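The values are calculated or read from the model by the stated rules, or taken from the named source; none is laboratory data. Here the structure is a predicted model, which is why all the values come from computation and not from measurement. Quick reminder, even Gly has a Cβ in these numbers, built from the backbone with ideal geometry, and neighbours come from all protein chains shown. The protein model used for the area step is the full one, side chains on, heavy atoms only, and it has no ligands, DNA or RNA in it. Shrake-Rupley method; radii C 1.70, N 1.55, O 1.52, S 1.80 Å.
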Amino acid sequence: MSKSDYWKYYRDFDVPCANLSVCPKCVRLMDWEYFISVAYEPLRINYELMHKRYKIDESVKLYDYVMEVLMKQSEERGLGKEFGIVIMAQIFSIAYRLPVEPMALKKDGVISIVFRVGENDEDLITKDNYEEIRERIMEQNLIFEPIVAPNKKSQEAIDKAIARKRDMGSNIETNIESMIVLVSKSREVTEDYTYYQLQADYEMELRLEQSRAIPVYRAV
């Protein structure tokens, strides 16, 4: 993705992805809390995490592993494996703002789960285009790749530091509330406002506040 296209995220324009006729969009604030609760960890699973930390065979597709993780977690919670597929469909549905239906697809004698976005049978999320779509969804919602250390000891230190920083800070709901309060001073925050827009406008408001304070500091 070219940085020159980032402004399209802010304006909430369609940006083509994975040769589908539909495009993922920045998640709206009204959907953000649920989206981040179900999508954050699955989306952050990448090949580096699979190979370095979990020692997964390199022949395993990222899509297949993420699906396996979601189904296993659902089963452990007593919800049944199938609920993991439902969660994945919900993640895509929020990102595309369209209904997403899981389907069984048979190819070369092998049956796999794919996700149809909208009503077009050609708009399918599969193991072959998942990585591109995942990257776009992360980019549009400011979700970043995890830090993966070369060994277990270093990874434990990194994880502890991240957890400590998270515990010392405020939760995401408070952060969003604070950002909305500041941004609302100069613009209306509607139900279609996206998390990406909030972050961009918040950073701009902070810069403006700082620039207004400079003459005061100089006078003092």
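Could you provide, to the nearest whole Å², the per residue accessible area of the chain with probe 1.4 Å?
On the way: 13630 Å² over 220 residues.
Result: 62 Å² per residue.
Tally Lys and Arg at +1 and Asp and Glu at -1 over the other residues with C-beta under 14 Å from the C-beta of residue 111: what net charge comes out? Don't skip to the answer; put the middle values down first.
Numbers: positive: 106, 107, 127; negative: 64, 108.
After counting each charged neighbour, the total is +1.
Loop-only check: which chymotrypsin sites (Phe, Trp or Tyr not before Pro) in the range 1-108 are DSSP coil with at most 14 other Cβ within 10 angstrom? List each step's numbers first, then the result.
Values: sites: 6, 7, 9, 10, 13, 32, 34, 35, 40, 47, 54, 63, 65, 83, 92, 96; in loops: 13, 54.
For chymotrypsin sites (Phe, Trp or Tyr not before Pro) across the range 1-108 that sit outside H, G, I, E and B with at most 14 neighbouring Cβ atoms in 10 Å, the list reads 13, 54.
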* Structure fact -> Flagged as over-length at 19 Å C-alpha distance, from 81/160; 55/153; 52/72; 55/152; 61/107, the pairs are 81/160; 52/72
* To do: Provide, as a two-decimal number, the C-alpha radius of gyration of the chain over 2.2 N^0.38 Å, N being how many residues it has.
  => 1.18
* Asked: At a 1.4 Å probe, what is the % contribution of carbon and sulfur to the accessible area of the chain?
  -> 53
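Go through the range 49-146 and name the GluC sites (Glu not before Pro) that are in a DSSP coil and have 13 or fewer other Cβ atoms within 10 Å of their Cβ. Intermediate results must be reported in sequence, preceding the final value.
Numbers: sites: 58, 68, 75, 76, 82, 119, 122, 131, 132, 135, 139; in loops: 58, 119, 122.
Those that pass, being in a loop and sparsely packed, are 58, 119, 122.
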* Asked: Quick one: helix 130-140 against the long Cα principal axis of the chain, what's the angle to the nearest 10°, folded into 0 to 90?
  -> 10
* Structure fact -> When the charge dipole of the range 1-133 is computed with +1 on Lys and Arg Cβ and -1 on Asp and Glu Cβ about the Cα centre, the Cα farthest towards its positive end, among 117, 83, 21, belongs to 83
* Run the 1.4 Å probe and let me know the accessible area of residue 11, rounded to the nearest 10 Å². => 140
* Structure fact -> Taking a ≥ b ≥ c as the square roots of the Cα gyration tensor eigenvalues, with a/c under 1.5 meaning rounded and otherwise prolate when a/b beats b/c or oblate if not, the range 24-76 comes out prolate
* **Using alpha-carbon coordinates, inclination of helix 62-76 to the longest axis of the chain, degrees** => 90
* Rounded to 10°, Cα long-axis angle of helix 195-219 versus longest principal axis of the chain -> 20
* **Part-to-part distance (alpha-carbon centres) for the range 1-40 and the range 52-116, which is given in Å** => 20
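Net charge near residue 186: determine it from the other residues with C-beta under 9 Å of the C-beta of residue 186, scoring Lys and Arg +1 and Asp and Glu -1.
Neighbourhood net charge equals 0.
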* Asked: Which loop-located trypsin sites (Lys or Arg not before Pro) does the range 50-79 contain, where loop means any DSSP state but H, G, I, E or B and the Cβ has at most 16 other Cβ atoms within 10 Å?
  -> 55, 61, 77
* To do: Work out from phi, with θ = phi - 60° and the Karplus expression 6.51 cos²θ - 1.76 cosθ + 1.60, the ³J(HN,Hα) of each residue of the range 18-25, listed in order in whole Hz, and give x for Gly and Pro.
  => 6, 6, 8, 7, 10, 10, x, 10
* Structure fact -> In terms of the charge dipole of the chain, which places +1 on Lys and Arg and -1 on Asp and Glu at the beta carbon, the residue among 129, 161, 190 farthest towards the positive end is 161
* **Cα gyration tensor of the range 1-91 - equivalent ellipsoid semi-axes, whole Å, descending** => 27, 19, 12
